[in-house]
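One structure is given here, and the rest of the page talks about it.
The values are calculated or read from the model by the stated rules, or taken from the named source; none is laboratory data. Since the structure is predicted, the reported quantities are computational estimates derived from the model, not experimental observations. Please note: Cβ atoms are built from the backbone with ideal geometry, for glycine as well, and neighbour counts cover all protein chains shown.
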Amino acid sequence: MMKRTARALPPVSLGAAASRGAAVTLGAQGLRIVIQLVGIVVLARLLTPVDYGLVTMILAIIGIADIVRDFGLGQAAVQAKEISERQKSNLFWINALIGLALTLIVIAASGAIAALYDTPELQPLTIALAVCFFLRGASVQFTANLTRSLQFGRLAGAETAGQVIGLVLAIILAANGAGAWALAWQQVAQVTVVLVLCAAFSRWVPRWYDRRTSIKPFVSFGAAVAGSHLLNYASKNVDSVVLGMRFGATSLGLYNRAFQLVTMPLTQLQAPATRVALPVLSKLQSAPERFAQFILTGQFAMLVIVGVVTSLCVSESDAIIRLALGREWLAAAPIFQVLAIGGAFQAATYASYWVFLALGLVKQNLYYALATRPLAIAMILIGSNWGVMGVAWAYTATLVLFWPVSLIWLSRVSDAPAKRMFVTGIRWLSVIGVATVGAYAVTELISVHSSVLRLLAGTAVTLLVIAVAGVALPGLRAQFRDAIALRRFFTRRAPRARLEGGSE
């Protein structure tokens, strides 16, 4: 048992803290999505596909180092039931030193990265982006400290401020002809601001490394998380590497903008949702029914938001590309449409990931990744024989396939409600499929040419189909009620839980 010496949090209802944290986090993420959309719209009109392609070439490779930099120690600190001040300090120094080492390694490898793509201008860009590894490494435990103490408002504020400052800098540089350098300095500015603000908000100063304090359980947990993340990263970024090597910066730039438009809402929802879900689920392990109820409701809430967005992305892809990127990016529309289909299934898989982490099944998660990610890489490599669209379809196929596989795997290693999660997902994805077909058919039938009007008409049809399904299908109606009343899941039929000990 690890001795707890950290200052105890005041008793707070788990339901109140969870619902308040979810509200704050989702509200902040809504703002961040708007900011990111503004960035996509503005920068797409100041930069070219080549600019985006160059930076994507670099990030697709050096992003692997970003996973090693974290080494899963941030999630290990959040998931742990108890952690001492000395253990937190030791974890801080490990993350910071790993980040520094990776910065130096990437700088040394910058020439090789440029040679891989036969693009010399990549070397100075790689050196600039390498600085981010040290900055992110130093911020890991400050972020974990805020998350563990459920200070989601401060954490969201730091991340939003970093995003705004980075975007403003990028727009100024792009407007003055900086090209790909505008995107590189955006990354550096964003992580710098997040580090400074998280350190200030955390009000925690790390001690010197203490050799007498063991952090072996955290390293063991983190290693398994990092291993699965590496495999996931490789399967999700091999498409960018292959496209950059085989088809050049322009094709990769088109694919990247379509990919970012699809994954932007997913990324902005997945990270904060996991941030809220993980500490809550970790404290509900001793209450299986409440644990299951939170998983089912959380999964459904995630799918509702992503499902509406997915429906519009698929049915009104041309209109969205015209509005978001401009007419010169229309070649990205069919790529965007295909990738959006996979996005809905990717969102359905997030709940499985929450269960793996919350129950400490990190080794099983690693085994799952070892069994599935090589297949994903192979499918994308095969798909590249049919060009950019072949890669897009292969990537989407992996997301569709791996959702039920993750649930089957989860059912064999835990008591999680895998079957109910599948039924919930299928029911909602079916409704979204009908809404998508209906929105596309109506907008085509009435021959709307304005992108804004098409998007408004598609939104109206999508919401109408969802409303009708919610009334006609009792199971779906019940899930909507549960999602709206999420806080009650933590308070009914059980005493008030205390955050620090997780006791019931």
Next item on the list: Working carefully through the options ALA144, ALA158, find the one that is among the aliphatic types (A, V, I, L, M), modelled with pLDDT of 85 or more and assigned by TED's automatic domain parsing to the domain that holds ALA109.
Entry: ALA158
Checklist line | Selection from region 112-149 of residues that are surrounded by fewer than 22 Cβ atoms within 10 Å (Cβ to Cβ), among the small types (Gly, Ala, Ser) and touching a Ser or Thr at 6+ places or on another chain (Cβ under 8 Å) | finding: ALA114
Check: Of the residues ALA189, ALA200, which single one is assigned by TED's automatic domain parsing to the domain that holds ALA96, in a helix (DSSP H, G or I), over 23 Å from the mean Cα position of the chain (by Cα) and at pLDDT 80 or above?
Finding: ALA200
Checklist line | Tabulated pairs, region 360-372, first assigned by TED's automatic domain parsing to the domain that holds PRO279 and closer than 25 Å to VAL280 by Cα, second of a type in the set (Phe, Trp, Tyr) and assigned to a helix (DSSP H, G or I), C-beta under 6 angstrom, 6+ apart or interchain | finding: VAL362/PHE221; ASN365/PHE356; TYR368/TRP409
Notebook entry, point to check: Residues in region 81-93 that are under 26 Å from the mean Cα position of the chain (by Cα), in a helix (DSSP H, G or I) and surrounded by fewer than 20 Cβ atoms within 10 Å (Cβ to Cβ): how many?
Noted result: 1
Checklist line | Verdict on TRP393 being touching a Phe, Trp or Tyr at 6+ places or on another chain (Cβ under 7 Å) and assigned to a helix (DSSP H, G or I) | finding: no
Checklist line | In region 433-445, the residues that are buried (at least 23 other Cβ atoms within 10 Å of the Cβ) and of a type in the set (A, V, I, L, M, F, W, C) | finding: ALA435, ALA439
